[in-house]
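Notes follow once the structure below has been shown.
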Amino acid sequence: MKQKYSLAAAFLLLLIAGTASAHDGTGTVGGFTSGFMHPVLGWDHVVAMVAVGLWGAFLGRPAIWILPVVFPLVMAFGGALGVAGVALPAVETGIAVSAVVLGIMVALAAKPPIWIAAVIVGVFAIFHGHAHGTELPTAANPFAYALGFVIATGLLHICGIAFGQLIKWPAGRVAVRTVGGLIALAGVAFLAGYA
Amino acid sequence: MTSGIHRALALALLVLPASAQAHSPIEGIGDFYNGVLHPLIVPEHVLTLLASGLLLGQQRTSVVRTSLWTFLVVIVAGLAQVALNRGYSVEAYLPALAAIIGLLVTFRLKLPGAIFPVLLALVGLLVSTDSDPEGLARSARLAFLPGAGLGMLVTVLYASALSHFCMRREWPSIGVRIAGSWVAASAMLVLSLSFAGVFTAAG
């Protein structure tokens, strides 16, 4: 009972907390924030990155950790192409297709050889990286911006991996595959221009 | 009864928050404190230092010991040089170094132990040389620079301790490698920006 009162009091105190305006939104902080929000505010990025994490959970070891380790590096290559102004055809279409393909892989619980999975994910990583990279030259602080979107992408992977751990249970497996199907449908919606 | 009093005291303290002053207004300590914060607020510095610490934490104790002493000596020398003369902007080289170190953390290649003190010496040299507090009076510089050295050392120490702790466990050790890939990816993107400027100027 005492613990409940303590928790309730702590919760109430959290509600009345004021803002801590330690920094303004420009420079390093602004660059990191805008970079971090870039993948998060794009649903096409979010669903595809979560799907990478979910697929990694199905593929098991070592894919479950190779994908979040290698993906940022391949994405950086795509980003470098964007920074250098190298045109990549149909970038937004490629990103939407990534949601469709990765969603289908999760929905079908596909377990191809790891090198095939790595190639598929790598190709799509280039598209995602290119989309982020084209924004880099105009960022307030490029290093902070790059770090922001790399970390946001990695955290989305980790969310997918964490949710993917549900496959240990039969009902969880159904739930994860259902989410994969929804991600694929979202990708179709992006392709059709409905989202 | 004692734990109840502790809880009551904690709650009483929580209802008395004061405004959080982000920077110290005290003369003298302000410059030193600014120095301590400097390597933490410059993205190129903090990432290179963190990656260096993560890399050290993956190595055996003798390598860590040698590398840290080398790092300490080099940053003292580098900051002394800045105090006596001036610093140099080496921002262009830091992303390259951060990328290399990030990749080493990611792939955990088996390298000769002698490489790590050399890497740490390079990190110490570049970061200290790039820590010139322009526009400060001499007395303020002499307070700022030791603070910067302390900030660099503490950052590397904490990162190496965290990395060493994580290396004993499977998933945390993978987390360290993921962090390394993030550093490498960010640094490579910034490098591409530098080269893109070169290609644009040439073209």
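Any residue at all in the range A:59-70 that is over 17 Å from the mean Cα position of the chain (by Cα) and either in a helix (DSSP H, G or I) or under 16 Å from A:LEU156 (Cβ atoms) (or both)? For the range A:59-70, residues over 17 Å from the mean Cα position of the chain (by Cα) and either in a helix (DSSP H, G or I) or under 16 Å from A:LEU156 (Cβ atoms) (or both): present.
For the range A:126-151, a residue qualifies if it is surrounded by fewer than 23 Cβ atoms within 10 Å (Cβ to Cβ), at the interface with chain B (Cβ under 10 Å from one of its Cβ atoms) and assigned to a helix (DSSP H, G or I), and the qualifying residues are A:PRO137, A:ILE151. Here A:PHE149, A:PHE190, A:PHE143 are screened, and the one residue that is of a type in the set (Phe, Trp, Tyr), under 23 Å from A:PRO72 (Cβ atoms) and within 14 Å of the chain's Cα centre (by Cα) is A:PHE149.
The condition of being at pLDDT below 85 and among the aromatic types (Phe, Trp, Tyr) holds for only one of A:TRP43, A:TRP65, that being A:TRP65. Taken over the range A:62-106, residues that are open to solvent by less than 10 Å² (accessible area, probe 1.4 Å), within 17 Å of A:GLY180 (Cα to Cα) and either within 14 Å of another protein chain (Cβ to nearest Cβ) or hydroxyl-bearing (Ser, Thr, Tyr) (or both) amount to 1. Quick check: is even one residue across the range B:165-177 within 28 Å of B:ALA77 (Cα to Cα), buried (at least 20 other Cβ atoms within 10 Å of the Cβ) and modelled with pLDDT of 90 or more? Checked against the condition, which is being within 28 Å of B:ALA77 (Cα to Cα), buried (at least 20 other Cβ atoms within 10 Å of the Cβ) and modelled with pLDDT of 90 or more, the range B:165-177 yields no hits at all.
Within the range A:152-185, if we keep just the residues that are within 14 Å of another protein chain (Cβ to nearest Cβ) and of a type outside the set (Gly, Ala, Ser), the residue that is surrounded by the most Cβ atoms within 10 Å (Cβ to Cβ) turns out to be A:THR153.
For the range A:186-195, taking the residues that are under 15 Å from A:ALA48 (Cβ atoms) and not in a loop (DSSP other than H, G, I, E, B), the one that is least open to solvent (accessible area, probe 1.4 Å) is identified as A:GLY187. State whether the residues of the range B:160-168 include one that is polar (S, T, N, Q), in contact with a His (Cβ under 7 Å, 6 or more places away or on another chain) and more than 14 Å from chain A (Cβ to nearest Cβ). No, because not a single residue in the range B:160-168 is polar (S, T, N, Q), in contact with a His (Cβ under 7 Å, 6 or more places away or on another chain) and more than 14 Å from chain A (Cβ to nearest Cβ).
Of all the numbered requirements in (1) in a helix (DSSP H, G or I); (2) of a type outside the set (Ser, Thr, Tyr); (3) open to solvent by 60 Å² or more (accessible area, probe 1.4 Å), A:LYS111 misses one, and that requirement is (1).
Within the range A:158-195, count every residue that is of a type in the set (A, V, I, L, M, F, W, C), under 21 Å from A:GLU92 (Cβ atoms) and in contact (Cβ under 8 Å) with a residue 60 or more places away in the chain. Lay out the reasoning, then the answer.
Start the filter on the range A:158-195 by keeping residues that are of a type in the set (A, V, I, L, M, F, W, C), which leaves A:158-159, A:161-163, A:166-167, A:169, A:171, A:174-176, A:179, A:182-186, A:188-192, A:195.
Pick out the ones that are also under 21 Å from A:GLU92 (Cβ atoms) and you get A:182-186, A:188-192, A:195.
Then keep just the ones that are in contact (Cβ under 8 Å) with a residue 60 or more places away in the chain; that gives A:182-186, A:188, A:190-191, A:195.
Selection size over the range A:158-195: 9.
Go over the candidates B:LEU40, B:LEU68, B:LEU94 one by one and state the one that is open to solvent by 20 Å² or more (accessible area, probe 1.4 Å), within 14 Å of chain A (Cβ to nearest Cβ) and within 17 Å of the chain's Cα centre (by Cα).
Numbers: B:LEU68 fails: within 14 Å of chain A (Cβ to nearest Cβ); B:LEU94 fails: open to solvent by 20 Å² or more (accessible area, probe 1.4 Å).
The match here is B:LEU40.
Cβ separations smaller than 6 Å between residues 6+ apart or across chains give the following pairs from the range B:172-196 residues that are under 14 Å from A:PRO72 (Cβ atoms) to residues that are open to solvent by 40 Å² or more (accessible area, probe 1.4 Å): B:ILE174/A:TRP65; B:ALA184/B:LEU103.
Among all residues of the range B:8-30, there is none that is at pLDDT 65 or above, part of a helix (DSSP H, G or I), open to solvent by 60 Å² or more (accessible area, probe 1.4 Å) and out of contact with any Pro (no Cβ under 6 Å at 6 or more places or on another chain).
The values are calculated or read from the model by the stated rules, or taken from the named source; none is laboratory data. Keep in mind that what you see is a predicted model, and the values were worked out from it rather than measured. Cβ sites come from the backbone with ideal geometry, for glycine too, and all protein chains shown count toward neighbours. All accessible areas refer to the heavy atoms of the entire protein, side chains included, with ligands and DNA or RNA removed. Shrake-Rupley method; radii C 1.70, N 1.55, O 1.52, S 1.80 Å.
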